[in-house]
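Undergrad: I have a structure here, written as structure tokens, and I will follow up with some questions on it.
The values are calculated or read from the model by the stated rules, or taken from the named source; none is laboratory data. Just so we're clear, the structure is a prediction, and the values are computed from it rather than from any experiment. Methodologically, a virtual Cβ is constructed for each residue, glycine included, from the backbone with ideal geometry; neighbour enumeration extends over all protein chains shown.
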Amino acid sequence: MYNTAMQITDIRLRTLRIEKLKPYANALDVALQDEFITTIIEISTDEGITGILACQDLDDMSVDIIVNQLGPKLEGEDPRNYERIWQKLFGHEGGWRVPHHKGEVVRAISVIDCALWDIVGKACRQPVSRLLGGFRSRIACYASGGHYYSFTSHQDDLAELESEMHAYMEMGFRAVKICVGRDLDQDMERARLVRSVIGPETRLLFNFDAAASRYGGVPHALKSMRALEELTPFWFEDPLVIDDLPGLQKLTDTIDTTIATGGNEQTIWGFREIISKRACDVIIPDATQTCGGITEWRKIAALAHAFRIPVAANSGDPVHLNCISGVPNGLLIEVFTPLDWNRVGYQKEASLMPDADGCVAVTDLPGLGIELNEEFIGQHLL
């Protein structure tokens with residue numbers, strides 16, 4: 001029972017355009033992207049506590065839903081009642097949404113919910129990781145890069161890749177992830193090059209970005225995976241689109257290497273199908289972008305734990321660092337594009353580098369631990 005009520009008073013969004021230090025693409029991109037679009041959301045309360053979240057690539061539809069549909073429903077609510085607020089925004093208790101719709105609505109809810117948890121942690125003067133269970137103070141991480149840096153010269157691409165992998169080894173990473181799926185012969189050459197640089201003990205992860213669904217589905221995925229298993233991968237991520245559960249089941253049943261997926265799935269009901277059908281070996285729910293925020297993420301992680309399925313994070317932002325470290329089945333967290341510090345320049349302390357054991361430490365700051373760099377933000381506002 002709370003002694004006094006806290007009330008949400010305002011919600012503010014700011015959008016930043018941040019240039020990439022080096023443009024890159026995955027197997028599905030037709031052009032190299034040269035910028036990050038980052039939206040910072042701030043939810044204020046009458047007690048002077050502000051919940052903060054930064055998320056990538058929030059489109060105009062999601063912004064409109066947050067500002068015009070969901071935002072007005074937050075006014076006067078106590079952010080500590082995050083479960084009731086979630087149900088209200090999702091469509092219950094007079095919510096505006098048709099109950100069977102997901103899509104951008106759930107993405108908008110995800111953003112709001114994570115900022116509410118930041119408020120809750122600050123009000124309790126505890127990091128969110130501790131509120132979720134505080135299972136560990138460090139979490140194993142991997143460097144996520146290995147993109148395609150040229151669509152015209154395979155040799156230039158290999159040169160960039162080699163230099164990048166050497167940098168990750170110097171940084172102390174003990175696991176790396178690279179993109180595959182554009183061309184199997186080229187991918188084999190890329191993978192062999194990476195393995196030669198990182199050595200046999202470093203974990204090597206492959207990310208298809210669902211490219212196999214475009215280029216031939218399950219047969220194409222099986223052919224690629226069987227070839228790439230020569231490099232003893234730690235996992236294959238998102239070989240198929242998330243809607244192809246029969247295809248994912250087939251791959252999980254057939255391939256010895258771990259299949260990881262889930263970054264594009266939404267709500268515990270979506271993950272119930274993936275988990276109960278054993279359509280993967282590791283799930284990767286995205287709290288900030290798709291699954292429904294921290295409130296929904298913790299339920300998904302608990303459901304996966306009941307099936308003895310680990311949960312990983314494909315974004316090393318403060319939300320997922322708190323989430324993965326808080327639960328018993330947390331496996332691994334991504335440090336995305338470690339060489340592009342610009343991407344997280346909106347934070348005062350943006351570095352997320354591994355220690356001697358290849359792990360990153362969980363913040364002791366209350367809430368999500370986000371402290372904004374207003375000078376950087378002012379220079380990149382849209």
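Undergrad: Output the qualifying pairs, or none if there are none: Cβ atoms under 7 angstrom, residues six or more apart or on different chains, first residue in the range 363-380 and modelled with pLDDT of 95 or more, second residue part of a helix (DSSP H, G or I) and basic (Lys, Arg).
TA: Between residues of the range 363-380 that are modelled with pLDDT of 95 or more and residues that are part of a helix (DSSP H, G or I) and basic (Lys, Arg), the close pairs are Pro366/Lys122; Gly367/Lys122.
Undergrad: Name the single residue, out of those in the range 221-239 being small (Gly, Ala, Ser) and either more than 13 Å from Ile259 (Cα to Cα) or outside the structural domain of Arg182 (by TED's automatic domain parsing) (or both), that is surrounded by the fewest Cβ atoms within 10 Å (Cβ to Cβ).
TA: Across the range 221-239, the extreme among qualifying residues is Ala227.
Undergrad: Scan the range 301-345 residue by residue and report those that are of a type outside the set (Gly, Ala, Ser), farther than 21 Å from Gly121 by Cβ and not in a loop (DSSP other than H, G, I, E, B).
TA: If the condition is that a residue be of a type outside the set (Gly, Ala, Ser), farther than 21 Å from Gly121 by Cβ and not in a loop (DSSP other than H, G, I, E, B), then Leu303, His305, Leu331, Leu332, Glu334, Val335, Phe336, Trp341, Asn342, Arg343 are the ones that fit.
Undergrad: Additional query: I need a count of the residues in the range 19-53 that are buried (at least 17 other Cβ atoms within 10 Å of the Cβ) and outside any strand (DSSP E or B).
TA: Residues flagged as buried (at least 17 other Cβ atoms within 10 Å of the Cβ) and outside any strand (DSSP E or B) within the range 19-53 amount to 3.
Undergrad: A further question follows. Condition first: of a type outside the set (Val, Ile, Thr) and on the phi > 0 side of the Ramachandran plot. Now tell me which residues in the range 260-279 satisfy that.
TA: Within the range 260-279, the subset of a type outside the set (Val, Ile, Thr) is 260, 262-266, 269-273, 276-279.
Once the filter is applied, which keeps residues that are of a type outside the set (Val, Ile, Thr) and on the phi > 0 side of the Ramachandran plot, the range 260-279 yields Gly262, Arg278.
Undergrad: Please go through the range 272-298 and pick out each residue that is under 21 Å from Val218 (Cα atoms) and in a helix (DSSP H, G or I). Even if it seems obvious, please write down each step before you answer.
TA: First, pick out the residues of the range 272-298 that are under 21 Å from Val218 (Cα atoms): 273-284.
Within the range 272-298, Glu273, Ile274, Ile275, Ser276 meet the criteria.
Undergrad: Follow-up question, since we're still on this one. Which of the residues belonging to the range 125-151 are buried (at least 18 other Cβ atoms within 10 Å of the Cβ), part of a loop (DSSP other than H, G, I, E, B) and in contact with a Gly (Cβ under 6 Å, 6 or more places away or on another chain)?
TA: Leu132
Undergrad: Here's a follow-up. Among the numbered criteria (1) touching a helix residue (DSSP H, G or I) at 6+ places or on another chain (Cβ under 9 Å); (2) of a type outside the set (A, V, I, L, M, F, W, C); (3) on the phi < 0 side of the Ramachandran plot; (4) exposed (fewer than 15 other Cβ atoms within 10 Å of the Cβ), which one does Asp185 miss?
TA: Failing condition for Asp185: (1).
Undergrad: List the residue pairs whose Cβ atoms are under 6 Å apart, where the first residue sits in the range 158-185 and is in contact (Cβ under 8 Å) with a residue 40 or more places away in the chain, the second is part of a helix (DSSP H, G or I) and among the acidic types (Asp, Glu), and the two are 6 or more positions apart or on different chains.
TA: Val180/Asp187
Undergrad: For Ser163, indicate whether it is among the small types (Gly, Ala, Ser) and at pLDDT 95 or above. Spell out the reasoning first.
TA: On the way: among the small types (Gly, Ala, Ser): yes; at pLDDT 95 or above: yes.
Criteria met by Ser163.
Residue-by-condition table, conditions (1) under 16 Å from the mean Cα position of the chain (by Cα); (2) over 15 Å from Val128 (Cα atoms); (3) not assigned by TED's automatic domain parsing to the domain that holds Lys177:
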site	(1), (2), (3)
Ile274	no, yes, no
Asp281	no, yes, no
Ala287	yes, no, no
Ile294	yes, no, no
Ala302	no, yes, no
Arg308	no, yes, no
Val319	yes, no, no
Asn322	yes, no, no
Leu331	yes, yes, no
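Undergrad: Which numbered condition trips up Val335, out of (1) of a type outside the set (Ser, Thr, Tyr); (2) surrounded by fewer than 21 Cβ atoms within 10 Å (Cβ to Cβ); (3) closer than 25 Å to Phe36 by Cα?
TA: Checking Val335 against (1) of a type outside the set (Ser, Thr, Tyr); (2) surrounded by fewer than 21 Cβ atoms within 10 Å (Cβ to Cβ); (3) closer than 25 Å to Phe36 by Cα, the one that fails is (2).
Undergrad: Pick out the one residue from Pro310, Pro285 that is modelled with pLDDT of 95 or more and in contact with a Cys (Cβ under 7 Å, 6 or more places away or on another chain). Break it down stepwise before answering.
TA: Numbers: Pro310 fails: in contact with a Cys (Cβ under 7 Å, 6 or more places away or on another chain).
Just a single option satisfies the conditions, and that option is Pro285.
Undergrad: Pick from Leu248, Leu228, Leu240, Leu222: which is assigned to a helix (DSSP H, G or I) and closer than 26 Å to Thr288 by Cβ?
TA: Checking each option against the conditions leaves just Leu248.
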